[in-house]
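I have placed the structure first, in the form of structure tokens, so that the comments after it can refer back to it.
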Amino acid sequence: MRIVALMTVRNEALYLRRCLSHLLEQGIDVCVIDNDSSDGSADIVREFAGRGIFLERYPYPGYFDLEGILRNEERLARTLDADWFMHYDADEIREAPEPFASLREAIEAADLEGFNAINFDEFLFFPTSCDERYEGTDYVAAMRRYYFFAPRENRQVKLWKRTGSPVDLVSTGGHAAVFEGRKIHPSPFILRHYVALSYSHAVEKYTRQRSYSQREVSELGWHGVRSRVRTAVDIVLPPADRMHTLVGRQFDRSRPEPKHLFFATPKAAGSP
């Protein structure tokens with residue numbers, strides 16, 4: 001069985017080595033689609049050449065073209081030789097639920113049970129003080145504070161089996177693969193989301209690094225509060241009493257958060 005992660009990246013050098021190493025350890029091949037990075041991301045991918053990781057290019061049009069990126073990944077899912085595909089971001093670490101030792105093992109088990117899609121529970125890791133910096137570290141080992149982000153059920157159906165039916169990623173903005181005959185496995189897998197490795201990294205990421213497509217924001221209603229971030233005051237540290245501390249592989253799902261905790265709450269119109 002061949003499982004391929006589809007990962008479109010632009011300037012993700014902080015994450016790529018750790019992310020790609022993890023996927024190889026999990027028995028997953030990776031198609032990295034470079035979106036004209038300027039930070040050496042493509043060179044990092046080339047370090048893994050011949051090990052189940054290969055590089056393609058998707059041209060950067062001057063803004064974050066999520067719709068185009070997703071249509072390109074839909075195309076790759078039709079044309080690449082693989083049994084399962086996974087829509088993946090560089091700042092994520094995906095894991096199998098217990099008792100499975102690897103993603104490959106868990107996917108093979110789900111396949112044998114007759115399922116063709118897998119959802120992920122998302123646990124978002126974030127620094128808890130402005131002094132914490134995890135750039136250049138094994139952030140997966142070092143960062144322990146997280147919250148369970150769960151605005152709705154089956155929000156992260158990002159792993160699917162090739163069935164012969166076309167797969168639609170665009171209609172959900174990339175949050176879920178939609179196709180005829182979808183049968184979602186009842187046990188969600190784990191998605192660790194390392195959205196920022198320091199407070200200053202978060203500010204840089206959301207105020208300077210990314211420009212959004214106006215069509216996606218105004219017509220499609222995508223990107224939400226991210227598209228409205230302008231300055232550092234729009235990024236906050238999550239409240240300590242809303243965060244959990246990871247112990248082993250035991251994630252706490254007792255307090256699902258419907259909204260992200262690192263964006264400042266916008267004031268109502270007319271308020272001071």
Next on the checklist: For the range 194-207, check the following and say yes or no: at least one residue is over 22 Å from Tyr15 (Cβ atoms), free of Cβ contacts under 8 Å to residues at least 24 places away in the same chain and either surrounded by 13 or more Cβ atoms within 10 Å (Cβ to Cβ) or among the charged types (D, E, K, R) (or both).
Outcome noted: no
Item to check | Qualifying residue in the range 241-251 (condition: outside any loop (DSSP other than H, G, I, E, B), at pLDDT below 95 and either closer than 30 Å to Ala109 by Cα or in contact with a Leu (Cβ under 9 Å, 6 or more places away or on another chain) (or both)) | outcome: yes
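For every residue, the table says whether it meets (1) surrounded by fewer than 21 Cβ atoms within 10 Å (Cβ to Cβ); (2) touching a strand residue (DSSP E or B) at 6+ places or on another chain (Cβ under 9 Å); (3) of a type in the set (S, T, N, Q).
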{"site": "Tyr88", "(1), (2), (3)": "no, yes, no"}
{"site": "Ala101", "(1), (2), (3)": "yes, no, no"}
{"site": "Phe115", "(1), (2), (3)": "yes, yes, no"}
{"site": "Ile118", "(1), (2), (3)": "no, yes, no"}
{"site": "Ser129", "(1), (2), (3)": "yes, no, yes"}
{"site": "Glu135", "(1), (2), (3)": "yes, yes, no"}
{"site": "Arg144", "(1), (2), (3)": "yes, yes, no"}
Checklist entry - List the pairs whose first member sits in the range 223-236 and is under 10 Å from Tyr212 (Cβ atoms) and part of a helix (DSSP H, G or I), whose second member is hydroxyl-bearing (Ser, Thr, Tyr) and at pLDDT below 95, and whose Cβ atoms are under 9 Å apart, counting only residues at least 6 apart or on separate chains? => result Arg226/Tyr206; Arg226/Tyr212; Ser227/Tyr212
Checklist entry - Name the residues in the range 225-266 that are surrounded by 11 or more Cβ atoms within 10 Å (Cβ to Cβ) and over 24 Å from Arg145 (Cα atoms), would you? => result Ser227, Arg228
Item to check | Subset of the range 152-172 [touching a residue at least 60 places away in the same chain (Cβ under 8 Å), over 18 Å from Val9 (Cβ atoms) and not basic (Lys, Arg)] | outcome: Leu159, Trp160, Pro166, Val167, Asp168, Val170
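The values are calculated or read from the model by the stated rules, or taken from the named source; none is laboratory data. Quick caveat, the model's predicted, so the values are computed rather than measured. As a convention, Cβ positions derive from the backbone with ideal geometry for all residues, glycine included, and neighbour counts pool all protein chains shown.
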